[in-house]
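Structure first, commentary second.
The values are calculated or read from the model by the stated rules, or taken from the named source; none is laboratory data. All of these numbers come straight from a predicted model, not from anything done at the bench. Every residue, glycine among them, receives a Cβ derived from its backbone with ideal geometry; neighbour counts consider all protein chains shown. We work out accessible area using only protein heavy atoms, side chains counted, and drop any ligands, DNA or RNA first. Shrake-Rupley method; radii C 1.70, N 1.55, O 1.52, S 1.80 Å.
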Amino acid sequence: MQAPAPPLLPLLRSQLQAELLTLVLLSPGREWSLTELAGRAGGSVSSAQREMTRAAEAGVVSSRRLGSTRLVTAAESPLTGPLTELLLRSFGPRQVIAEEFAGLGGVEAVYLFGSWAARYEGVRGRPPADIDVLVIGAPDRDDLDEAAQRAGSRLAREVNVTIRSAPWWREGQDSFHREVTRRPVVTVLEGVAQS
């Protein structure tokens, strides 16, 4: 199953622009070198420089020089909050996890839980460090680990995957089930069992 295309892509100049802005804006307070951004987003340093210059001119990122290195970070601006929310919903963890986990055999459903799920549901808090993913089914663990590594690389965050069975998801009584289900849970993929 192919994950749906991000809805904002036609509004933004390119996938590269979207991924660069997503990396910077979803990590407020973190400074990124242009080389690191380009490597994460799969573009050239010159393209990353052009996009970050445009973003700085728009007031959504700020930059400073440290020797010969240009560092960029999310700026405090009236545009930053709304743009961050749009990027979160279109290019953030939910979209990347969907893209990387789509097509994995033995997966019945994939959910975000923990801090990222809370942010998607509008619960305020500091930016989460890692991404908690619940996979329902019996996937090949090596394939799942590879998908998690790809997603983590794209998002510049650790992706922690927990696997549980469909009966556990429906009827679980343990403390982990209670912890997960009493807080926000965001559907990433559902009804995708493949052999």
* Asked: open to solvent by 50 Å² or more (accessible area, probe 1.4 Å) and within 25 Å of PRO82 (Cα to Cα): does that describe ARG124?
  -> yes
* Failed condition for ARG154, given (1) within 25 Å of LEU16 (Cα to Cα); (2) of a type outside the set (A, V, I, L, M); (3) in contact with a strand residue (DSSP E or B) (Cβ under 7 Å, 6 or more places away or on another chain); (4) at pLDDT below 95, with all others met? -> (3)
* **Top-ranked residue of the stretch 41-53 - restricted to ones that are in contact (Cβ under 8 Å) with a residue 12 or more places away in the chain and out of contact with any strand residue (DSSP E or B) (no Cβ under 8 Å at 6 or more places or on another chain), ranked as surrounded by the fewest Cβ atoms within 10 Å (Cβ to Cβ)** => GLY42
* To do: Filter the stretch 139-195 down to residues that are touching a residue at least 60 places away in the same chain (Cβ under 8 Å), closer than 13 Å to TYR111 by Cα and within 21 Å of the chain's Cα centre (by Cα), then give me how many there are.
  => 11
* State which residue pairs qualify: first residue under 11 Å from ALA18 (Cα atoms) and inside the stretch 77-89, second residue in a helix (DSSP H, G or I) and at pLDDT 90 or above in any location, beta carbons under 6 Å apart, and separation of 6 or more residues or different chains. => THR84/LEU25; LEU87/LEU21; LEU87/THR22; LEU87/LEU25
* What is the number of the single condition among (1) out of contact with any Gly (no Cβ under 6 Å at 6 or more places or on another chain); (2) buried (at least 18 other Cβ atoms within 10 Å of the Cβ); (3) of a type in the set (Val, Ile, Thr) that THR73 does not meet? -> (2)
* To do: Residues being in a helix (DSSP H, G or I), open to solvent by less than 70 Å² (accessible area, probe 1.4 Å) and of a type in the set (S, T, N, Q): count how many of those fall in the stretch 146-180.
  => 1
* Asked: Tell me, which residue of the stretch 107-121 that is among the hydrophobic types (A, V, I, L, M, F, W, C) and either buried (at least 22 other Cβ atoms within 10 Å of the Cβ) or under 19 Å from ASP145 (Cα atoms) (or both) is nearest to the chain's Cα centre (by Cα)?
  -> TRP116
* The one condition in (1) open to solvent by 60 Å² or more (accessible area, probe 1.4 Å); (2) farther than 30 Å from GLU190 by Cα; (3) of a type in the set (Asp, Glu) that GLU85 fails to fulfil -> (2)
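Table: residues versus (1) of a type outside the set (A, V, I, L, M, F, W, C); (2) out of contact with any Cys (no Cβ under 9 Å at 6 or more places or on another chain); (3) open to solvent by 40 Å² or more (accessible area, probe 1.4 Å); (4) at pLDDT below 95.
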position	(1), (2), (3), (4)
PRO4	yes, yes, yes, yes
PRO10	yes, yes, yes, yes
GLN15	yes, yes, yes, yes
LEU23	no, yes, no, yes
SER33	yes, yes, no, no
* Structure fact -> Over the stretch 75-106, the set of residues assigned to a helix (DSSP H, G or I), within 20 Å of ASP140 (Cβ to Cβ) and over 10 Å from the mean Cα position of the chain (by Cα) is GLU99, GLU100, PHE101
* Selection count, the stretch 127-145, where residues are open to solvent by less than 30 Å² (accessible area, probe 1.4 Å) and outside any helix (DSSP H, G or I) -> 8
